[in-house]
Amino acid sequence: MGLIAFLKTQFIVHLLIGFVFVVSGLIINFVQLCTLILWPINKQFYRRINCRLAYSLWSQLVMLLEWWSGTECTLFSDQATVDKFGKEHVIIILNHNFEIDFLCGWTMTERFGVLGSSKVLAKKELLYVPLIGWTWYFLEIVFCKRKWEEDRDTVIEGLRRLSDYPEYMWFLLYCEGTRFTETKHRISMEVAKSKGLPTLKYHLLPRTKGFTTAVQCLRGTVSAVYDVTLNFRGNKNPSLLGILYGKKYEADMCVRRFPLEDIPVDEKEAANWLHKLYQEKDALQEMYNQEGIFPGRQFKPPRRPWTLLNFLFWATVLLSPLFTFGFGIFASGSPLLILAFLGFVGAASFGVRRLIGVTEIEKGSSYGNQEFKKKE
């Protein structure tokens, strides 16, 4: 094992990476708070600034995937679709099977220059998660309680507010509503049978309200829907902890572009279109499991240096005073100060681990275990 590989497995290194992410995130959140004064003066300037502030935080996670673990992301698509990446407003539909599916999506948005302006329809609980939810709030992310009767007006208002967004945005939808588990899949397929819908082998039954509403509200702004089906070679099930330990994965992403004018305007017909799309996604997963490859031409967009340079900037700014402070604490010989410093380190470790836990499947919400039994 080389020195770099050894360092990737060390807890103290993980703690330092977490320290840089958390402290830089709090600084970024404070700056975002200060930018609120710009909203009534120049809304579009406010948005452009916050896109770059969000990039400075999210790109640190992308750096872990691209540069720290060396994970490779391969696109399976066609040249015409790839040529449009980063040059239009789009809705992204991504399967929700893995802990780091969002990170693979962020990697693609980074390589095509839209990471800072990427959006998502997120559960409201995330709004209260430090760094993640707070940053999303300033980015005008649309939050929902996943109870359509309560969410309808909030979601419609949030989506319509994005109609004049000044930078190209990729709006991510997890139409399944929650991460795939065997329990949720079994319940979901029972619902599919009761509604006379075809069963799916690798996906949950898509929840159509969010999709049809997004298409309706963003029509005239969004040019297309990108369907993305993600899988990992070798039947791997990667985690954020694995990335932190430097484990390298190979992600394959099949991307298909559907012009928005090809999606029915009628809500019921649009819902049927989405169900058909998920049947196609299931067939793509079946093909991948059998052949180890998706259809289409392979593309490997090159890594850009900005994620690494951004992290090195924050590491330099934040770790230098930390080391100086820590050295001074131990040099003082004061047991009280040393214990207080170690307590701070322990608290920081706990906080970082809690943030990582947000992505873990086994600690995900129970949404879907019973909700699928309810009428959409």
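The values are calculated or read from the model by the stated rules, or taken from the named source; none is laboratory data. Keep in mind the model is a prediction, meaning the values are calculated, not measured. Ideal geometry is used to build each Cβ from the backbone, glycine not excepted, and the neighbour counts take in all protein chains shown. We work out accessible area using only protein heavy atoms, side chains counted, and drop any ligands, DNA or RNA first. Shrake-Rupley method; radii C 1.70, N 1.55, O 1.52, S 1.80 Å.
Does TYR202 satisfy the criteria of being surrounded by 19 or more Cβ atoms within 10 Å (Cβ to Cβ) and under 16 Å from the mean Cα position of the chain (by Cα)? Explain how you work it out, then say what you get.
Numbers: surrounded by 19 or more Cβ atoms within 10 Å (Cβ to Cβ): yes; under 16 Å from the mean Cα position of the chain (by Cα): no.
No; evaluated as a whole, the condition is false for this residue.
Tell me, yes or no, whether segment 74-83 has at least one residue that is more than 13 Å from the chain's Cα centre (by Cα), assigned to a helix (DSSP H, G or I), among the hydroxyl-bearing types (Ser, Thr, Tyr) and assigned by the TED database to the domain that holds TYR165. Lay out the reasoning, then the answer.
Within segment 74-83, the subset more than 13 Å from the chain's Cα centre (by Cα) is 74-83.
In the following step, the residues that additionally are assigned to a helix (DSSP H, G or I) were identified as 79-83.
Within this subset, residues satisfying the condition of being among the hydroxyl-bearing types (Ser, Thr, Tyr) are 81.
Now restrict to residues that are assigned by the TED database to the domain that holds TYR165: 81.
So far as segment 74-83 goes, yes, one or more of its residues are more than 13 Å from the chain's Cα centre (by Cα), assigned to a helix (DSSP H, G or I), among the hydroxyl-bearing types (Ser, Thr, Tyr) and assigned by the TED database to the domain that holds TYR165.
Tell me which of these THR135 doesn't satisfy, since it passes every other one: (1) more than 17 Å from VAL90 (Cα to Cα); (2) in contact with a helix residue (DSSP H, G or I) (Cβ under 8 Å, 6 or more places away or on another chain); (3) open to solvent by 10 Å² or more (accessible area, probe 1.4 Å).
Every condition holds for THR135 apart from (3).
State whether the residues of segment 126-147 include one that is without any contact (Cβ under 8 Å) to a residue 12 or more places away in the chain, closer than 24 Å to ARG219 by Cα and not in a helix (DSSP H, G or I).
Yes, segment 126-147 contains a residue that is without any contact (Cβ under 8 Å) to a residue 12 or more places away in the chain, closer than 24 Å to ARG219 by Cα and not in a helix (DSSP H, G or I).
Among the listed residues LEU308, LEU318, which satisfies the condition of being open to solvent by less than 30 Å² (accessible area, probe 1.4 Å), part of a helix (DSSP H, G or I), touching a helix residue (DSSP H, G or I) at 6+ places or on another chain (Cβ under 9 Å) and not polar (S, T, N, Q)?
Numbers: LEU308 fails: open to solvent by less than 30 Å² (accessible area, probe 1.4 Å).
After applying the criteria, what remains is LEU318.
If ARG257 passes every condition in (1) more than 27 Å from TRP67 (Cα to Cα); (2) open to solvent by 20 Å² or more (accessible area, probe 1.4 Å); (3) free of Cβ contacts under 8 Å to residues at least 60 places away in the same chain but one, which one does it miss?
The number of the failed condition is (3).
Would you confirm, using the coordinates I've provided, whether GLU110 is buried (at least 23 other Cβ atoms within 10 Å of the Cβ) and within 26 Å of THR178 (Cα to Cα)? Explain how you work it out, then say what you get.
On the way: buried (at least 23 other Cβ atoms within 10 Å of the Cβ): yes; within 26 Å of THR178 (Cα to Cα): yes.
Considered against the rule, which asks whether it is buried (at least 23 other Cβ atoms within 10 Å of the Cβ) and within 26 Å of THR178 (Cα to Cα), GLU110 comes out as yes.
Filter segment 148-178 for residues that are modelled with pLDDT of 85 or more and assigned to a loop (DSSP other than H, G, I, E, B) and give the result.
Scanning segment 148-178 gives TYR165, PRO166, GLU167, TYR168, MET169, TYR174, CYS175, GLU176.
Working only within segment 160-183, note down all residues that are within 28 Å of GLY113 (Cβ to Cβ), hydroxyl-bearing (Ser, Thr, Tyr) and open to solvent by 30 Å² or more (accessible area, probe 1.4 Å).
Once the filter is applied, which keeps residues that are within 28 Å of GLY113 (Cβ to Cβ), hydroxyl-bearing (Ser, Thr, Tyr) and open to solvent by 30 Å² or more (accessible area, probe 1.4 Å), segment 160-183 yields SER163, TYR168, TYR174.
Could we say that SER365 is at pLDDT below 70 and under 21 Å from PHE211 (Cα atoms) here?
On the way: at pLDDT below 70: yes; under 21 Å from PHE211 (Cα atoms): yes.
Considered against the rule, which asks whether it is at pLDDT below 70 and under 21 Å from PHE211 (Cα atoms), SER365 comes out as yes.
Can you say whether LEU3 is open to solvent by less than 50 Å² (accessible area, probe 1.4 Å) and either free of Cβ contacts under 8 Å to residues at least 12 places away in the same chain or at positive phi (or both), as far as the supplied structure shows? Let's see the steps before the verdict.
Details: open to solvent by less than 50 Å² (accessible area, probe 1.4 Å): no; either free of Cβ contacts under 8 Å to residues at least 12 places away in the same chain or at positive phi (or both): yes.
No, not satisfied.
Conditions (1) among the small types (Gly, Ala, Ser); (2) touching a Pro at 6+ places or on another chain (Cβ under 7 Å); (3) farther than 30 Å from ILE17 by Cα, marked per residue:
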site: ALA283; (1), (2), (3): yes, no, yes
site: TYR288; (1), (2), (3): no, no, yes
site: PRO301; (1), (2), (3): no, no, no
site: THR307; (1), (2), (3): no, no, no
site: ASN310; (1), (2), (3): no, no, no
site: THR316; (1), (2), (3): no, no, no
site: LEU322; (1), (2), (3): no, no, no
site: LEU336; (1), (2), (3): no, no, no
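Only one of (1) of a type in the set (D, E, K, R); (2) surrounded by fewer than 22 Cβ atoms within 10 Å (Cβ to Cβ); (3) in contact (Cβ under 8 Å) with a residue 60 or more places away in the chain is not met by ARG186, so which one is it?
(3)
What's the total number of residues in segment 291-305 that are open to solvent by 100 Å² or more (accessible area, probe 1.4 Å) and under 22 Å from THR229 (Cβ atoms)?
Of the residues in segment 291-305, 3 are open to solvent by 100 Å² or more (accessible area, probe 1.4 Å) and under 22 Å from THR229 (Cβ atoms).
Which residues, counting only those in segment 272-288, are in contact (Cβ under 8 Å) with a residue 60 or more places away in the chain and either within 24 Å of the chain's Cα centre (by Cα) or not assigned by the TED database to the domain that holds VAL82 (or both)?
First, the residues of segment 272-288 that are in contact (Cβ under 8 Å) with a residue 60 or more places away in the chain: 274-275, 277-279, 281-282, 285-286.
The answer is LEU274, HIS275, LEU277, TYR278, GLN279, LYS281, ASP282, GLN285.
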